[in-house]
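Enquirer: My questions will all concern the structure given below.
What follows draws every value from the coordinates through simple rules; no lab data is involved. Keep in mind it's a predicted model, so treat the numbers as computed, not measured. In this analysis, Cβ positions are derived from the backbone assuming ideal geometry, glycine residues included, and neighbour counts consider all displayed protein chains.
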Amino acid sequence: MSVAVIVLSVLLALVFLVAGSAKLAGHGLMLASADHLGFPRTAYRLIGVADVAGAAGLALGVWIPALGIAAAAGLVLLTICAVVVHLRAGDRAKDYSPPAVLGVLAGVTLALHLAGT
């Protein structure tokens with residue numbers, strides 16, 4: 001496994017862990033986002049569970065590559081859905097750029113995993 005895969009996996013894991021934890025804890029900004037996007041708060045917390053699970057999968061994927069591949073693929077799908085939801089809500093680029101960038105990075109991580117680097 002390459003240094004690039006390890007660095008990307010760890011950095012993305014940290015970002016998704018923080019974001020998911022904030023959703024699970026019901027942080028004010030996350031609750032406001034849930035309301036704005038039309039999600040029930042319990043459903044938004046489930047997205048937090050997916051964020052944290054993806055973070056754990058990326059981190060453990062450093063030692064268990066198949067898990068890292070599954071986690072990266074799941075996070076790519078999750079971030080695509082996030083971008084779509086933001087676009088449907090009429091949000092501007094500043095609102096959907098973070099999940100878009102994270103999705104691209106998760107995609108790069110996935111590609112590097114699959115390439116065996």
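Enquirer: Step through the residues of the range 57-63 one at a time and calculate ³J(HN,Hα) from phi using the Karplus curve (6.51 cos²θ - 1.76 cosθ + 1.60, θ = phi - 60°), rounding each to whole Hz and writing x for Gly and Pro.
Expert: After applying 6.51 cos²θ - 1.76 cosθ + 1.60, I find x, 5, 5, 6, x, 5, 9 Hz.
Enquirer: Continuing with the same structure: Go ahead and set up a Gaussian network model of the chain, Cα springs under 10 Å, then flag whichever of Gly107, Gly61, Gly38 fluctuates most.
Expert: Gly38
Enquirer: Another question, then. Pop a pseudo-label 7 angstrom from the Cα along the beta-carbon direction at both Arg92 and His36 and give the gap in nm to one decimal.
Expert: 1.1 nm
Enquirer: Now for a different question. Under a Cβ-Cβ cut-off of 14 Å, what is the net charge of the residues other than Leu31 that fall near it, where Lys and Arg count +1 and Asp and Glu count -1? Kindly include the intermediate steps, with their values, before the conclusion.
Expert: Numbers: positive: Lys23, Arg41, Arg45; negative: Asp35.
It works out to a net charge of +2.
Enquirer: For the chain, set up a GNM with springs between Cα atoms under 10 Å and report which of Leu12, Leu102, Leu29 has the largest fluctuation.
Expert: Of Leu12, Leu102, Leu29, the Gaussian network model singles out Leu29 as fluctuating most.
Enquirer: So, one more: Enumerate the calculated ³J(HN,Hα) couplings along the range 11-26 in order (Karplus 6.51 cos²θ - 1.76 cosθ + 1.60, θ = phi - 60°), each rounded to whole Hz, writing x wherever the residue is Gly or Pro.
Expert: With coefficients 6.51, -1.76 and 1.60, one gets 5, 5, 4, 5, 5, 5, 5, 5, 5, x, 5, 5, 5, 5, 6, x Hz.
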